[in-house]
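Report on one structure; see the data block that follows.
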Amino acid sequence: MDLLLSRRAFLIGCSAAASPLVTPVTFAQAKGENRLVVIVLRGAMDGLDVVRPTGDLGFAALRPTLAAGQGPALNDFFTLHPAAEPLMPLWRAGELGFAHATATPYRQGRSHFVGQDALENGTDALDGTPTQAHDGWLNRALGLIPGAHAETGVSVGQQRLLLLEGATPTDHWFPVDESPLSPQGLQLIAALNEADPLFAAPFAQAQRLADTADGMTGGVPRGKGQYRQLGTYVAQRLLGPSRIASFSFGGWDMHKDQARAMAGQLGGLSDAIVALKEGLGAAWGTTLVLGITEFGRTARENGTGGTDHGTGGLAILAGGALRGGQVFGKWPGLGESALFESRDLMPTTDVRSYPAWALQALFGVSGADLETRVFPGLDLDRDPGLVL
Amino acid sequence: MDAPSLIEDIRFGFGPLAGRAPGPGYDADRLMAQLTAPDAPADQWATPGLAERWPLIEAYTADRKAKVHKTNPSAGTLRLAEIEAQDLQVWLSRPAVALCGFRERLANLWANRITVAIQGAALRPLVPPFRDEAIRPHITGRLADMLKATLWHPAMQLFLTQVQSVGPNSRQGKKRNKGLNENLAREFLELHTMGRGYTQTDVTELAKLLAGMKHDAEGPRVEDARQEPGEKLILGQTYQTGAAEIDRLVEDVAHRPETAEATAFYLARHFIADEPPADLVATMARAYLDHDTALTPVYRVMLTHPAARASERAKLRSPHEYVVASLRLGGLTGTEAGLRGFRKDGMKLEDRMKKLGQPIYEAPSPEGWPETAAEWLSPPMVSARLDWAIDMGRAIGTNGADPRELADFALGDLASPMLRRAVAGAEQKWEGVTVLLSSPDFSRR
């Protein structure tokens, strides 16, 4: 790649892809305006705390301290955690929903690290063993979307994201500093990096980060407003050539003092979702946001005001494309015999179904491909009408 | 002590140290000698231990309670802040000047295998003593002893939220309706030892055995009121209650074949290859079990394997190893101020390490920092490496250092012809140094 030309090349590519009038591929795609955001909620989010089954008679006894605090009622059975209140306008507008009692097929171990790999790889192995290629399901799905290019899928953040890793080229974005190198110095460095199989791809992408740095507001997201800023960054990517974006949102592992920790986490997550909506403007109407986590947590509060690793959990759905205002899934109950291994919320829906239905509705990925190539072993079942 | 050769220093240490001529060839014994040799330059960076910190921590806790820790801090709080600032420097400066790089690498490896990370003010003064007092004394000892020291350390107790775990049938459990927290029990089996071969029941039973553990200024103990009465069946063995039983459990788990294999794999993956040779891992695991969990024989197996001396460098330096290697090349400690390329008041390494993806003592999870190349090669991290190379290029290149000589000193015969040409082809000396430091050659080990 000629580095001196890279910026120009990018700008041309960018404007072309953004205009349906000059790119036949985009124009031909009826669904070219649809967007998907996948948030990987790392650490195992406690679904029973975020969307509380206050209508279940067993709930209060399982959560002697954690059930405290009156949040807004979602319906006559579920109540939202008070700290997620900023999302209520979305709920009322039908732009927010949840999927309860859901989990990946991983059942053996309750390990964060195996669980997250399984979540991002999309495997159906009970022990979490990844599929042969050890790639991400979103990467495999991108390879099946007609007209997708290297910038259609983008991961936003400092770290790599297994979800988007694999054979299909994808983009990576994060704000970086300007470089004072001479063009010749940069060329020497580029040549060395391009010759190394490990460095070639990330270096080329790092150069593009530098090329696109100007015109962006702010820097590395940090501190109080960081989730709002992250949401804004993702929205900016999706208003450019990208249609599918993903990022990590960690900090959900709450073995103690959960009441305090959860309030902070949900505040940040609400910030990110609201910033996405604001940043996307009209494009929010054709966007689906999906927040998924590696597993849920114990139905019973533990001895230290927290919860331990569990099984059935919660997925968060948002966006103008969502048929929201409802809690999807089949409620298993909280009685001793209804719990998985007498301790965790019983999963009644494969969490992989939700992205599968979304990929089908938004990007036309076929059911057969979804059940074999994207999510091996998935039984797609009946679409609950996730997308409008 | 004899200086290590380039390949010894690059693969098993932090790279060559400015002003010290490398030794010849490859010699496993020379590396093994580093485990016990004196290292005065490194030792200068020691910070106070736990015993000295406890009264300061108490002073800080009292100040915080009275809400004066910022407005009117006591002498103890001020001293603690001073120590914590030194702690942050030590992580980079100690290996930057060390003569025994292999020992420093091992200290970091074990502190990563058995991770505690700073999360909040309470952990900040505890994490460095964990490294110095629970890890370092045992890197040439038995893993079983290291596991005991780390399990009982107050930093671990706090980090994996063991401090409040209560046996459900203990006095406190019955009275206050409190219960277990299985965090430490799970990560001990999953991350510190076996990795596989145990069940949820083993985790829960182990959590019962560990309930009541406490370690504060009064020392380590099991609190009677919190300990779970009765037998616990863990991995087919029966345990009663109390500290001695916890230590017996640790011994038993340390001697499991799963622990041997997981430990050998971790070591070999760190030093040799992301996918280490199976025969090497198996031989290392056997040495571990044959020697009552002693680690030195395991290191020796690794160092004498043909893969240890191969000139192809399959591993990638972590950001920490990368920054330290470049400091050593420039003869810097990281605490210098007024260097060209950096801000006038210092190198601001705390911020730098964040940008590079490895904030000091803040591993992202109990699993610790990644150990494989791909995890350290996101585009933003590659970009941050280039930024570091630019600033370091200015810092050490504008003082007249010839980038060609520096490349020769840093890599010797390991430098590719392409790298030599690129370094020599830079317009200015500092850019030549930047070309060297940003090259994949320099990031590999």
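The values are calculated or read from the model by the stated rules, or taken from the named source; none is laboratory data. It should be emphasised that the depicted structure is a prediction, and the values quoted were computed from it without experimental measurement. Cβ atoms come from the backbone with ideal geometry, glycine included; neighbour counts cover every protein chain shown.
Table for the structure above
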| item | result |
| --- | --- |
| Index of the failed condition, A:Gly305 passing every other in (1) modelled with pLDDT of 95 or more; (2) surrounded by 16 or more Cβ atoms within 10 Å (Cβ to Cβ) | (1) |
| Single unsatisfied condition, A:Leu290 versus (1) away from chain B (no Cβ under 13 Å); (2) assigned to a helix (DSSP H, G or I) | (2) |
| Candidate set from the range B:62-88 (those that are of a type in the set (Ser, Thr, Tyr) and either surrounded by 15 or more Cβ atoms within 10 Å (Cβ to Cβ) or in contact with a Pro (Cβ under 6 Å, 6 or more places away or on another chain) (or both)); member that is farthest from B:Pro125 (Cα to Cα) | B:Ser74 |
| Looking only at the range A:74-132, and only at residues there that are polar (S, T, N, Q) and surrounded by fewer than 22 Cβ atoms within 10 Å (Cβ to Cβ), the one that is nearest to A:Ser246 (Cα to Cα) | A:Thr131 |
| Scan of the range A:334-369 for residues that are in contact with a Ser or Thr (Cβ under 9 Å, 6 or more places away or on another chain), of a type outside the set (Lys, Arg) and away from chain B (no Cβ under 14 Å), ordered by number | A:Glu336, A:Leu345, A:Met346, A:Pro347, A:Thr348, A:Thr349, A:Asp350, A:Val351, A:Ser353, A:Tyr354, A:Gln360, A:Leu362 |
| B:Glu427 surrounded by fewer than 22 Cβ atoms within 10 Å (Cβ to Cβ), acidic (Asp, Glu) and either within 10 Å of chain A (Cβ to nearest Cβ) or assigned to a loop (DSSP other than H, G, I, E, B) (or both) | yes |
| The range A:38-49 residues that are closer than 13 Å to A:Leu162 by Cα, paired with ones that are acidic (Asp, Glu) and outside any loop (DSSP other than H, G, I, E, B) (beta carbon under 8 Å, 6 or more apart) | A:Val40/A:Glu120 |
| Residue list for the range B:358-396, filter: surrounded by 22 or more Cβ atoms within 10 Å (Cβ to Cβ), among the polar types (S, T, N, Q) and either within 9 Å of chain A (Cβ to nearest Cβ) or in a helix (DSSP H, G or I) (or both) | B:Ser378, B:Ser383 |
| Selection status of B:Leu332, part of a helix (DSSP H, G or I), touching a residue at least 60 places away in the same chain (Cβ under 8 Å) and under 30 Å from B:Gly23 (Cβ atoms) | no |
| Which listed residue is in the same structural domain as B:Leu209 (by TED's automatic domain parsing), assigned to a helix (DSSP H, G or I) and crowded, with 24+ Cβ neighbours inside 10 Å, from B:Ala185, B:Ala155 | B:Ala185 |
| Among (1) part of a helix (DSSP H, G or I); (2) surrounded by 20 or more Cβ atoms within 10 Å (Cβ to Cβ) - the single one B:Pro41 does not satisfy | (2) |
| Every residue from the range A:51-93 that is touching a strand residue (DSSP E or B) at 6+ places or on another chain (Cβ under 7 Å), closer than 20 Å to B:Asn177 by Cβ and in a loop (DSSP other than H, G, I, E, B) | A:Ala67 |
| Considering residues of the range B:397-424 that are buried (at least 22 other Cβ atoms within 10 Å of the Cβ) and among the small types (Gly, Ala, Ser) only, the residue farthest from the other protein chains (Cβ to nearest Cβ) | B:Ala410 |
| Restricting the range B:197-210 to residues that are outside any helix (DSSP H, G or I) and either among the hydroxyl-bearing types (Ser, Thr, Tyr) or modelled with pLDDT under 95 (or both), the residue that is surrounded by the most Cβ atoms within 10 Å (Cβ to Cβ) | B:Tyr198 |
| Residue selected from the range A:167-180 under the condition buried (at least 20 other Cβ atoms within 10 Å of the Cβ) and either touching a helix residue (DSSP H, G or I) at 6+ places or on another chain (Cβ under 6 Å) or closer than 19 Å to B:Gly341 by Cβ (or both), by the criterion farthest from the other protein chains (Cβ to nearest Cβ) | A:Thr168 |
| Residue within the range A:264-287 that is more than 14 Å from chain B (Cβ to nearest Cβ) and in contact with a His (Cβ under 8 Å, 6 or more places away or on another chain) present | yes |
| Residue in the range A:345-361 that is over 19 Å from A:Leu322 (Cα atoms), among the β-branched types (Val, Ile, Thr) and assigned to a helix (DSSP H, G or I) present | no |
| Residues of the range B:92-124 that turn out to be hydrophobic (A, V, I, L, M, F, W, C) and closer than 27 Å to B:Gly23 by Cβ, as a count | 11 |
| Matching entry among B:Ala373, B:Ala363 (being in contact with a strand residue (DSSP E or B) (Cβ under 8 Å, 6 or more places away or on another chain), closer than 30 Å to B:Leu184 by Cα and of a type in the set (A, V, I, L, M, F, W, C)) | B:Ala373 |
| Residue, nearest to the chain's Cα centre (by Cα), within the range B:288-297, restricted to residues that are in a helix (DSSP H, G or I) and surrounded by fewer than 24 Cβ atoms within 10 Å (Cβ to Cβ) | B:Thr296 |
| Any hit, the range A:177-190, residues being touching a Pro at 6+ places or on another chain (Cβ under 8 Å), assigned to a loop (DSSP other than H, G, I, E, B), of a type outside the set (Val, Ile, Thr) and in contact (Cβ under 8 Å) with a residue 12 or more places away in the chain | no |
| Number of the condition not met by A:Val365 [criteria: (1) part of a loop (DSSP other than H, G, I, E, B); (2) closer than 23 Å to A:Gly313 by Cβ] | (2) |
| Conditions (1) surrounded by fewer than 17 Cβ atoms within 10 Å (Cβ to Cβ); (2) touching a helix residue (DSSP H, G or I) at 6+ places or on another chain (Cβ under 8 Å): number failed by B:His305 | (1) |
